[in-house]
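Novice: Here it is, the structure, as structure tokens.
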Amino acid sequence: MISFGLIGYPLGHSFSKIYFEKKFKLENIKNTEYLNLENSSLEELFSSKKLLTLKGFNVTIPHKEAIIPYLDELSKEAKAIGAVNCVKRKGQKFIGYNTDYIGFLNSFKKAKKSYHKKALILGNGGATKAIIYALNVLELDYQIVSRGSSFDYTDIDKKCLEEYQIIINCTPLGTHPDTDKYPLIPYQFLTDKHFLYDLVYNPLESRFLSFGKEKKCTIKNGKEMLEIQADESWFIWNRKNYTY
């Protein structure tokens, strides 16, 4: 049996496990499993040697940054981003990658219009790092918005939204079961020239996106981003000569 997995805490109804088990069934991939290894302690996970039984694994909250000292090598992207969401085992060594930025980059490009030039990034948590890296690849200007920082939510006004056409929600606001929550921005100033991208994927249309839809904005949730990063992880785990 070839084993892959996901580490994080809490895992709940994991997207990754559901996605990969469906993939194994649809593509008739035999003798392969995807395990949820729910643990808040990286020290316990690595000392238990359980991870040495996996060919590769994904990493989610709260371990994406904290796992780096436990790894033997990092891809150049993971090193630059400062976060890891995919690990490949090579013998006794663990190599860290970041496929989150690829998921965002490729899904974002599909919906972006030529007049979408500058981005507001809502939130400054772990997810933000991969988004910033992707925006730098696209050579797009951005401004991070977070509470108590030099650029707060109170700084977003009509003039600001005229300058920034892209708004990316990197906060968990609106995620099931708290679907009534949303980032506090002046939605009344949105137009059909704006692009709202939400990393939230459950529900598929958050309040943040529904407000944008009412204003005829381009909208996109985080489901495709997750699917692309999962496929990229699979590619890394199974390609023998993957360069990093």
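Taken together, the values in this text are just the output of simple stated rules run on the coordinates, not laboratory data. Everything quoted here is computed from the prediction, not taken from an experiment. In this analysis, Cβ positions are derived from the backbone assuming ideal geometry, glycine residues included, and neighbour counts consider all displayed protein chains.
Novice: Determine the principal axes of the Cα atoms in segment 2-98, then give the extent along each, sorted from largest to smallest and rounded to whole angstroms.
Specialist: 35, 26, 25
Novice: Also, quick follow-up: Restricting to Cα pairs below 8 Å that are 6+ residues apart, what does the relative contact order work out to for segment 101-225? Please round to a whole percent.
Specialist: After rounding, I find 26 percent.
Novice: Let me ask you something else. What number, in percent, do you get for the relative contact order of the chain if the mean sequence gap of Cα pairs under 8 Å and at least 6 apart is divided by its residue count?
Specialist: The normalised contact order for the chain reaches 16 percent.
Novice: Restricting things to alpha carbons, tell me how big segment 115-180 is in terms of Rg and Dmax, in Å.
Specialist: Looking at segment 115-180, its Cα Rg and Dmax stand at 12.3, 35 Å.
Novice: Quick check: the distance between the Cα centres of segment 45-107 and segment 164-186, to the nearest angstrom?
Specialist: If you average the Cα positions of each part, the centres end up 27 Å apart.
Novice: May I ask you to list the aspartates and glutamates whose Cα is less than 20 Å away from that of residue 215, ignoring any residue fewer than eight positions away on the same chain?
Specialist: List returned: 157, 162, 163, 180, 192, 198, 205.
Novice: Would you mind giving the three semi-axes, in whole Å and largest first, of the ellipsoid equivalent to the chain according to its Cα gyration tensor?
Specialist: 34, 18, 17
Novice: Kindly flag which residue pairs out of 159/220; 50/220; 17/93 have an alpha-carbon separation exceeding 32 Å in this structure.
Specialist: 50/220
Novice: Expressed as a whole percent, how much of the Cα-Cα distance distribution for segment 151-244 exceeds 22 Å?
Specialist: Cα-Cα pairs of segment 151-244 separated by over 22 Å account for 38 percent.
Novice: So what's segment 64-176 giving for Cα Rg divided by 2.2 N^0.38 Å, two decimals?
Specialist: Normalised by 2.2 N^0.38 Å, the Cα Rg of segment 64-176 equals 1.21.
Novice: I'd like the antiparallel share, as a percent to the nearest 5, of DSSP beta bridges with both residues in the chain.
Specialist: For the chain, the DSSP antiparallel bridge percentage is about 20.
Novice: So what J values fall out for segment 62-77 if you push phi through Karplus, 6.51 cos²θ - 1.76 cosθ + 1.60 with θ = phi - 60°, rounded to Hz, Gly and Pro as x?
Specialist: Per-residue couplings from phi come out as x, 9, 4, 9, 5, 6, 3, x, 7, 9, 8, 8, 10, 5, 5, 5 Hz.
Novice: Another question about this same structure. Could you put 43, 38, 139 in order, starting from the residue whose Cβ has the fewest other Cβ atoms within 10 Å?
Specialist: If I rank by nearby Cβ atoms, fewest first, I get 139, 43, 38.
Novice: Quick one: which of 25/64; 23/79; 30/129; 79/113; 25/181; 55/118 span more than 32 angstrom between C-alpha atoms?
Specialist: Beyond 32 Å: 30/129; 25/181; 55/118.
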